[in-house]
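Notes follow once the structure below has been shown.
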Amino acid sequence: MKQFLLIYLAPRLVQYVVVIFIGVTVAFFAPRFSPVDPVESMMAKVEGLGMTMDPESVARMKESLKDLYGLGGSLPEQYLAFWKRAVTLDFGPSLTSFPTPVSALVKRSLPWTLGLLATALGISWLLGSFLGGVAGYFESRKWSKFLEAGAMMMYPIPYFISAIAMQILLAYVFPIFPVGGAYPFGTLPEFSLGFVLSILQHAILPGLSLVLIGMGWWFLSMKAMISRVVAEDYVTFAQAGGVSSRKILFSYAMRNAILPQVTSLFMAIGSVFSGAIITEVVFNYPGLGLLLRKAIATGDYSVIMGVIVMSIVAIASAVLILDLIYPLIDPRIRRK
Amino acid sequence: MDALKKLLKHDIRFRWAFGIFSVIALMVLLSFFSPYGAREWNVVPATQPPSLQHPFGTNSMGQDIFWKLTFAVRNSMILAVIAASVSRVIAIIVGLVAGYLGGIPDRILMTVNDSFIIIPILPILILLSTILSGIPFYYLGCIIALFGWSQDARLIRSLTLSLRERTFTHTAYYSGMGMMKIVLREHLPYMVPILMATIMSNMLWAIGMEITLAVIGLAKVETPTLGVIMYWASEYNSMLTGTWWWLFFPISLSVLIFIGLYMFSTSLNRFLDPRTRLMMISERKSE
């Protein structure tokens, strides 16, 4: 057990810390190397509204903005202060919806993003791996080749394009699904069957566009793996021994090929998260993506920083949790 | 040249990719003969559906979409090439060093590398492009490249790990060749074909990233790229106003480019696979 902790657990924890460290450091230094000063640009916006202020209150406002943005003091001091914000997940109040704290805004949006991300990732992984496995086992059949061609066409398309194509096709040309939003405009969230159904109805299009693209990759990698496993001796032996193909496929071949699929699932979470963000922008879905988009449009610097740091922490934690349950499905790691 | 002929003959995917790329190359060439400037507007009647005179229609800003797209394809391809080459340099350095040195340097580099795989890249790219708002597309390409090397660094590392154990590496080492020389002169040539395949898939990724960033309004909106055209189309609500051709043609063209690049990369990978080589040889014998 002690050895297991050392060999398996320690590198994962180190990885977790490094991911967050790199993410937070990049998020900290990026704005500081830029020619644009967030304080100055906010001041320009305020003056653009036609407000006239005496020099003293301008100076005071600049001071308090600097404080809000965490730009007071020397660079190392700012860096430490930034870490404090990141660890306590406290990024101060949002400027456009003052005085709501950034963390409250993120907390409101995060469930939508996580819900969309988790269901889309889960469905595309399961369906893609299953279909890829079956298609890999019956490689010479016509339908298998047809599915592969479809996956090859879908896989390279970026999430944004698939989202907008879905929206045009199934919301404008054939108005089957709502164009955007998470629930009908003007209704208040309540716990009733009708409301839950309408949430599902609104989630189908964004979900579908994520699933279709994601499935392509899971299909292709599973198919490649199965066709390699099928050539192995133990499969030939099982076939010669008269084991039914269904049993060979599901209990022999897939069981072995699924492990690398799980590992690449962990690695894919980050990029699918990026996909979810852009899908939310297209469908006006009230998750982190839309929050980020609005913050960019209004120049709400604290919200931008908050969303970025918190999403890095959330993704890293998700990967760590999945990594920790991984030994449950791979017995080899437990025994080592 | 011989390889090209073989690929064309044996792989239907390569034939498709080749066809798609001839179209793309033609468009890039045509952009130099465009009757309208890349940034001019109100030069043709606005909001015309596709016709003989304007094959892809015109947009609400009085621009011909076909000619606008020729510029967009050129700029997007330049961005993709920049992003792919810069990120290749980083990937090669990280992969070669980690794979050759092994041990602790390898562990450190790979932990950093995996962090770049796990970190959601889009929010960080959004942050960077917000700050540097309206940067020219070639700078954007460099920034995209800074985040697009980690997957391929891993691939190069695993290749180096296996090359390191080959006899010729030992021979070179005991003949007194330094690490730099062994890695660059002996190992790198083995990787060139695989690097070609990763360049294609990285270009694809970079074009998609540019489109994503541009549509949120984070690119320089005066220079036409595929993403910028889609940005203007959605700014003018082209779907609500029924000017479908404004979005349809850039989207179909980008999908075509994505599929073309992907097919290039997979057919190259297949071509490099020794099993495929054997198949080709046996086919030639039976002819």
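The values are calculated or read from the model by the stated rules, or taken from the named source; none is laboratory data. Given the structure is predicted, the values throughout are model-derived calculations rather than measurements. Virtual Cβ from ideal backbone geometry, glycine too; neighbours counted across all protein chains shown. These area figures cover heavy atoms from the full protein model, side chains too; ligands, DNA and RNA do not enter into them. Shrake-Rupley method; radii C 1.70, N 1.55, O 1.52, S 1.80 Å.
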* To do: Under 20 Å Cα to Cα from residue A:142, which aspartates and glutamates show up? Leave out anything in the same chain fewer than 8 places away.
  => B:11
* Is there a pair in A:66/A:107; A:2/A:84; A:294/B:68; A:84/A:107 whose C-alpha atoms are over 21 Å apart, and which pairs would that be? -> A:66/A:107; A:2/A:84; A:294/B:68
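Nearest 500 deg cm²/dmol is fine: what mean residue ellipticity at 222 nm does chain A get from its DSSP H runs of n ≥ 4 alone, each adding -39,500 (n - 2.57), divided by its residue count?
Numbers: 13 runs with 242 residues, N = 336.
Computed mean residue ellipticity for chain A: -24500 deg cm²/dmol.
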* **DSSP-loop chymotrypsin sites (Phe, Trp or Tyr not before Pro) across the range B:83-161, with at most 10 other Cβ within 10 angstrom** => none
* For the range A:111-300, just the Cα atoms, rotate onto the principal axes and tell me the three extents in Å, largest first. => 65, 35, 32
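Could you list the chymotrypsin sites (Phe, Trp or Tyr not before Pro) in the range A:1-105 that lie in coil according to DSSP, counting only those with at most 12 other Cβ atoms within 10 Å of their Cβ?
Values: sites: A:4, A:8, A:16, A:21, A:28, A:29, A:33, A:69, A:79, A:82, A:83, A:91; in loops: A:33, A:91.
Of the chymotrypsin sites (Phe, Trp or Tyr not before Pro), the ones in loops of the range A:1-105 whose Cβ has at most 12 other Cβ atoms within 10 Å are A:33.
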* Where the centroid of each part is defined by its Cα atoms, how far is the range B:195-212 from the range A:36-100 in Å? -> 37
* Asked: When N counts the residues of chain A, how does its alpha-carbon radius of gyration compare numerically with 2.2 N^0.38 Å, as a ratio?
  -> 1.23
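What ranking, highest mean first, results for peptides A:256-262, B:83-89 when packing means the other Cβ atoms within 10 Å averaged over each residue? Don't skip to the answer; put the middle values down first.
Numbers: A:256-262: 16.7, B:83-89: 21.3.
Order by mean packing, descending: B:83-89, A:256-262.
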* To do: Filter the GluC sites (Glu not before Pro) in the range A:146-232 to those in DSSP coil with at most 11 other Cβ atoms within 10 Å of their Cβ, and list the result.
  => A:190
* Asked: Residues of the protein assembly as shown: accessible area per residue at 1.4 Å, in Å²?
  -> 49
